[in-house]
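Taking it in order: structure first as structure tokens, then the write-up.
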Amino acid sequence: MIQLTTRSASPRQIWQLEQQGLHPLLARLYAARGVQDASELDYGLERLLPPTSLTHTVEAAQLLADALEAEARLLIIADYDCDGATACAVGIRALRAFGAQVSYLVPDRFKLGYGLSPEIVDIAARQEPDLIITVDNGIASIEGVARAREYGIATLITDHHLPSELLPQADCIVNPNQPGCAFASKNLAGVGVMFYVMLALRAELRSRGYFAERPEPNLANLLDLVALGTVADVVKLDGNNRILVSQGLKRMRAGRMQPGITALFSAAGKNPAQASAFDLGFLLGPRLNAAGRLADMALGIECLITDDQSRANNIAQQLDDFNQERRSIETGMQEQALTILEGMETVEAAGIALFDEGWHEGVVGILASRIKDKLHRPVFAFARSESGDLKGSGRSIAGLHLRDALDLIAKRAPGLLLRFGGHAMAAGLTLRADDFGRFRQLFAEVAGELIAPADLDRTLSIDGELESGYFSIEIAKLLQSEIWGQGFPAPLFVDEFEVEQQKVLKEKHLKLRLRKGNVRIEAIHFNFSTQPAQKTRAAYRLEINEYMGVQRPQLVIEYLE
């Protein structure tokens, strides 16, 4: 049973925002999300937190500036998800614009796993780099950094994941979540961290007179990449992240994008002039991620760093093909997972772990997310790796910090987890195959201890009713143009409706014509499980449905009684 809870805001706060020029509907929505002043919605670049406030960015900039002046060889070690790919692309594009000799390497997730491992350092050493730069990884790479030292290779770690008690002995670490860092936004994605390092590098080069005889790059041109990686990594959209995403979307809507971003929009059949954060998270991000899940994320990175539009289009089409294949694999795995759950006595456990011998290692993260959404429980899904060990990917619900849960399991059962890492809502780990049963039991126990009983009830936060006069294209566009996402959710309204018409599309989607008072509006409920009676109560988003060039307002149903 889903419980609806209404976000609240004081009438005075709403009134104050209205007096500062906000549309009455936006004033209500923003007040309910804790916005105290309209200035918090000023997404100008000048309001970004300064790079110098992010610990060690100055040192990182000096290290990189010295490397540029020495014509050193730089090598970026990327990650195989969208955040890692965009962070790598930001680094490649910025450093090359500064005149650096820089290349990149992405670990094969099926053979080498995640991060700066000793094995990837051995491969990297063949290119004889002077400096290795990690993006979206490295904070746990103690052995990998030590191996780089053996080769005489310097290391710069840029990451955002939570550190363990020991930090790698790198030449420099930039991570807002490292001990002692007072940076006000702990929610930077990996691409955001790399963008900040590049801003600091430009400032350092400027102070050295580096641009006296060469053009100074406009790093704001990379904000489309920053926005994509930030949204796709599902980090909290605090004020600083909303600035980064807003500026990136602004450039996309104006047609000022990297060729690869243009190509991804085209492959997704979406007009970038109407780009939203939803598009980045659910259309572009999955296409990039598909390369890392099924093949090689180098393909995705090449899409983002090429300046050849034709090549970008070709790669984007390949990524689209991979995404369709990924969806097909995922569908089969979901069916198998549901069959497993039917036979499990522990399906009501606070934490669930699933494994099937035939599951695809690159898709278990999505599977965990789907089962988590279905059961409203934290879930780990496992696949067998090429080494014979089990690799698991987990997704959590509000109330359980997933990495902290793994840390507690590691303390209670030393040696059980061969490797683990992540953050609050997503994490990964490696187990010996024989230890799966033990992990499943311990995860259920730890989740039961850490999750409050109330957090196991599925709740849907809503924004109350929407006046029927607001069922319009103008209001839909107004809402679409704002920045919504993780921690700053898109508006979800609830109303009573008369159901005038309903039909099932493709055996899984419900098309409705609803009436509220004298106003009629079309609605769609994707992957529905409930059909309404003549009168129903629905929670919905107001969006734009475009067909044959004609735009109409449409309700997208999230919950139907």
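Based on what the data block shows, is L205 crowded, with 21+ Cβ neighbours inside 10 Å, in a helix (DSSP H, G or I) and over 21 Å from the mean Cα position of the chain (by Cα)? Full working, then the answer.
Numbers: crowded, with 21+ Cβ neighbours inside 10 Å: yes; in a helix (DSSP H, G or I): yes; over 21 Å from the mean Cα position of the chain (by Cα): yes.
For L205, the condition - crowded, with 21+ Cβ neighbours inside 10 Å, in a helix (DSSP H, G or I) and over 21 Å from the mean Cα position of the chain (by Cα) - is met.
Looking only at strands (runs of 3 or more DSSP E) that fall completely inside region 374-437, which ones have 3 or more residues that are more than 17 Å from L354 (Cβ to Cβ) and touching a Leu at 6+ places or on another chain (Cβ under 8 Å)? Give the derivation first.
Working: elements: 379-384, 390-395, 417-422, 426-431.
Counting at least 3 such residues, we get 417-422.
Does D79 meet the test of being assigned by TED's automatic domain parsing to the domain that holds L288, surrounded by 19 or more Cβ atoms within 10 Å (Cβ to Cβ) and either of a type outside the set (S, T, Y) or under 30 Å from G392 (Cα atoms) (or both)?
Details: assigned by TED's automatic domain parsing to the domain that holds L288: yes; surrounded by 19 or more Cβ atoms within 10 Å (Cβ to Cβ): yes; either of a type outside the set (S, T, Y) or under 30 Å from G392 (Cα atoms) (or both): yes.
Answer is yes for this residue.
Taking R93 and the conditions (1) under 23 Å from the mean Cα position of the chain (by Cα); (2) farther than 30 Å from N218 by Cβ; (3) surrounded by fewer than 23 Cβ atoms within 10 Å (Cβ to Cβ), which numbered condition does it fall short on, given that it satisfies the others?
With (1) under 23 Å from the mean Cα position of the chain (by Cα); (2) farther than 30 Å from N218 by Cβ; (3) surrounded by fewer than 23 Cβ atoms within 10 Å (Cβ to Cβ) applied to R93, the lone miss is (2).
For region 485-540, enumerate the residues that are within 30 Å of L228 (Cα to Cα), surrounded by fewer than 18 Cβ atoms within 10 Å (Cβ to Cβ) and of a type in the set (A, V, I, L, M, F, W, C).
Scanning region 485-540 gives I524, F526.
Kindly provide the set of residues from region 90-102 that are aliphatic (A, V, I, L, M) and assigned to a loop (DSSP other than H, G, I, E, B), ordered by number.
A100
Taking the options A67, A87, A31, name whichever one is assigned to a helix (DSSP H, G or I) and more than 23 Å from I157 (Cβ to Cβ). Before the answer, list the steps.
Working: A67 fails: more than 23 Å from I157 (Cβ to Cβ); A87 fails: more than 23 Å from I157 (Cβ to Cβ).
Only one candidate passes the filter, namely A31.
Any residue at all in region 243-255 that is part of a loop (DSSP other than H, G, I, E, B) and modelled with pLDDT of 95 or more? Give the steps one after another, and end with the answer.
So in region 243-255, the residues part of a loop (DSSP other than H, G, I, E, B) come out as 254-255.
Still in the list and also modelled with pLDDT of 95 or more: 254-255.
Yes, there is a match, as at least one residue in region 243-255 is part of a loop (DSSP other than H, G, I, E, B) and modelled with pLDDT of 95 or more.
Considering only residues of region 14-68 that are farther than 30 Å from Y196 by Cβ and of a type in the set (D, E, K, R), which is nearest to the chain's Cα centre (by Cα)?
It comes out as R28.
In region 103-141, how many are in a strand (DSSP E or B) and closer than 27 Å to N187 by Cβ?
Taking region 103-141 as the starting set, the residues that turn out to be in a strand (DSSP E or B) are 103-105, 131-135.
Narrowing further to those that are closer than 27 Å to N187 by Cβ: 104, 132-135.
Selection size over region 103-141: 5.
Residues to consider are E46, E71, E119, E18; find the one that is closer than 30 Å to T5 by Cβ and of a type in the set (D, E, K, R). Don't jump to the end; show me each part of the working.
On the way: E46 fails: closer than 30 Å to T5 by Cβ; E71 fails: closer than 30 Å to T5 by Cβ; E119 fails: closer than 30 Å to T5 by Cβ.
That would be E18, the only listed residue that is closer than 30 Å to T5 by Cβ and of a type in the set (D, E, K, R).
Name the residue that is modelled with the highest pLDDT, counting only residues in region 447-475 that are closer than 30 Å to D407 by Cβ and charged (D, E, K, R). Walk me through how you get there before you give the answer.
Going through region 447-475, the residues closer than 30 Å to D407 by Cβ turn out to be 447-459, 461.
Keeping just the survivors that are charged (D, E, K, R) gives 449, 455, 457-458.
Working: E449: 95, D455: 90, D457: 87, R458: 87.
My answer is E449.
Which number in (1) assigned to a strand (DSSP E or B); (2) farther than 20 Å from G84 by Cα marks the one condition that L156 misses?
Only one criterion is unmet by L156, namely (2).
How many of the residues making up region 468-515 are of a type in the set (V, I, T) and more than 34 Å from the chain's Cα centre (by Cα)? Quick ask: steps written out before the conclusion?
The first filter runs over region 468-515 and keeps only residues of a type in the set (V, I, T), leaving 473, 475, 483, 494, 499, 504.
In the following step, the residues that additionally are more than 34 Å from the chain's Cα centre (by Cα) were identified as 499.
Of the residues in region 468-515, 1 are of a type in the set (V, I, T) and more than 34 Å from the chain's Cα centre (by Cα).
Between Q36, Q20, which is among the polar types (S, T, N, Q), within 30 Å of L466 (Cβ to Cβ) and in contact with a Ser or Thr (Cβ under 9 Å, 6 or more places away or on another chain)? Break it down stepwise before answering.
Numbers: Q36 fails: in contact with a Ser or Thr (Cβ under 9 Å, 6 or more places away or on another chain).
When all the criteria are applied, what remains is Q20.
Conditions tested, residue by residue: (1) outside any strand (DSSP E or B); (2) modelled with pLDDT of 90 or more; (3) touching a strand residue (DSSP E or B) at 6+ places or on another chain (Cβ under 9 Å).
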site: E507; (1), (2), (3): yes, no, no
site: L512; (1), (2), (3): no, yes, yes
site: I524; (1), (2), (3): no, yes, yes
site: A533; (1), (2), (3): yes, no, yes
site: Y540; (1), (2), (3): no, yes, yes
site: L555; (1), (2), (3): no, yes, yes
site: Y559; (1), (2), (3): no, yes, yes
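When you scan region 457-489, how many residues do you find that are assigned to a helix (DSSP H, G or I) and either assigned by TED's automatic domain parsing to the domain that holds G248 or aromatic (F, W, Y) (or both)? It would help to see each step written out before you state the result.
So the first thing to find is which residues in region 457-489 are assigned to a helix (DSSP H, G or I), and the list is 468-470, 473-480.
Applying the additional criterion that residues be either assigned by TED's automatic domain parsing to the domain that holds G248 or aromatic (F, W, Y) (or both) yields 470.
Residues meeting the conditions: 1.
The values are calculated or read from the model by the stated rules, or taken from the named source; none is laboratory data. Since this is a predicted model, take the numbers as computed values, not measurements. Glycine also receives a Cβ, built like all others from the backbone with ideal geometry; neighbour counts cover every protein chain displayed.
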